[in-house]
Amino acid sequence: MERLFASGLYVGYGEEIIVKGVSTTIPDGKITVIIGSNGCGKSTLLKAMTRIIPHHSGSIILDGKDITKEKTKTLAKKMSALPQSPESASGLTAGELVSYGRFPHQYGFGRLTKKDREAISWALEVTGTSEFVYRPVDSLSGGQRQRVWIAMALAQETEMIFLDEPTTYLDMAHQLEVLELLESLNKKQGRTIVMVLHDINQAARFADYIIALKDGEIIKSGSADEIISPSILQEVFQIDAEIGRDPRTNKPLCITYNLIKGEQENEQTTIDYSTYTRSISY
């Protein structure tokens, strides 16, 4: 039985509904990636499934229980979430920020135990941020700050990790480092990873399962071979894509693409211009 699933989920802000009747299951112990165009509901779905925002109707079930009825600390021991734009950490050092990930495991006055310190050190080390432990978060570059936030999520030591565009602000090398780290956590420790990615080639390379969203609805879910196809990418992104195979991973690879809408507009422009030319000739 899968541990986490949503059924008939409607989520929005005020009266505007963003996620519309979504039903999906998150494969346990796998890497799931949510893809889709800007504004399609990727981040909203991720936030709802981690109880960062409430849902209007439907249900989200974790280990047989509705997450809305679960205690916050209990839920925080099972899943950690890194939003797309984390709140300001003004005044905190990197080490202090990462230590916040230990909150669900603390009791009494919240003093750090030996186990807490070991978890913090490990999270800093694997994200390559140990050297920043005493530096103010505000003094770090965008990429460095992003890795510190990821370290905080890792220090929480949850079985499920949710990340909204974790490669934001990172250069190509650091993007790969972060994704390979998450892959290692999945393969070696069995962590369930759920993340939103904009890069469909990264999604194809690292995901076991992909959820493709459009206008708040799931167009299709499945393996990279099922999702990274010309027909699905056309429906989700309105692009005409050429798909090949990655020579290193043998995963599907979007080699190049054209905007379908752009082609139609160019064609229309040509027709209008030729019509205008004929009219003045007469």
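Structure data summary
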item: Helical mean residue ellipticity (222 nm; -39500 (n - 2.57) per DSSP H run of 4+; nearest 500) of the chain; result: -11000 deg cm²/dmol
item: Under 18 Å from the Cα of Lys220 - aspartates and glutamates, other chains or at least 8 residues apart; result: Asp199, Asp208, Glu235, Asp240
item: Carbon plus sulfur fraction of accessible area for the range 93-157, probe 1.4 Å, in percent; result: 54 percent
item: Residue range of the chain that is longest and free of trypsin sites (Lys or Arg not before Pro) which are both DSSP loop and sparsely packed (at most 16 other C-beta within 10 Å); result: 112-247
item: Candidate lysines - alpha carbon under 25 Å from Lys65, same-chain residues fewer than 8 apart omitted; result: Lys20, Lys30, Lys42, Lys47, Lys73, Lys77, Lys78
item: Alpha-carbon Rg/Rh ratio, for the chain, with Rh computed the Kirkwood way; result: 1.06
item: Kirkwood Rh in Å, taken over all unlike Cα pairs in the range 190-250; result: 12.3 Å
item: Largest-first principal axis extents, alpha carbons of the range 1-145, Å; result: 46, 33, 29
item: Cross-link reach list, aspartates and glutamates versus Lys71, counting only Cα pairs under 17 Å and skipping chain neighbours closer than eight places; result: Asp63, Glu159
item: The range 25-109: C-alpha pair distances exceeding 20 Å, %; result: 48 percent
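The values are calculated or read from the model by the stated rules, or taken from the named source; none is laboratory data. For clarity, every value in this text was computed on a predicted model and none was experimentally measured. No Cβ is skipped: glycine too gets one built from the backbone with ideal geometry, and neighbour counts run over all protein chains shown. The accessibility values were calculated without ligands, DNA or RNA, using every heavy atom of the protein model including side chains. Shrake-Rupley method; radii C 1.70, N 1.55, O 1.52, S 1.80 Å.
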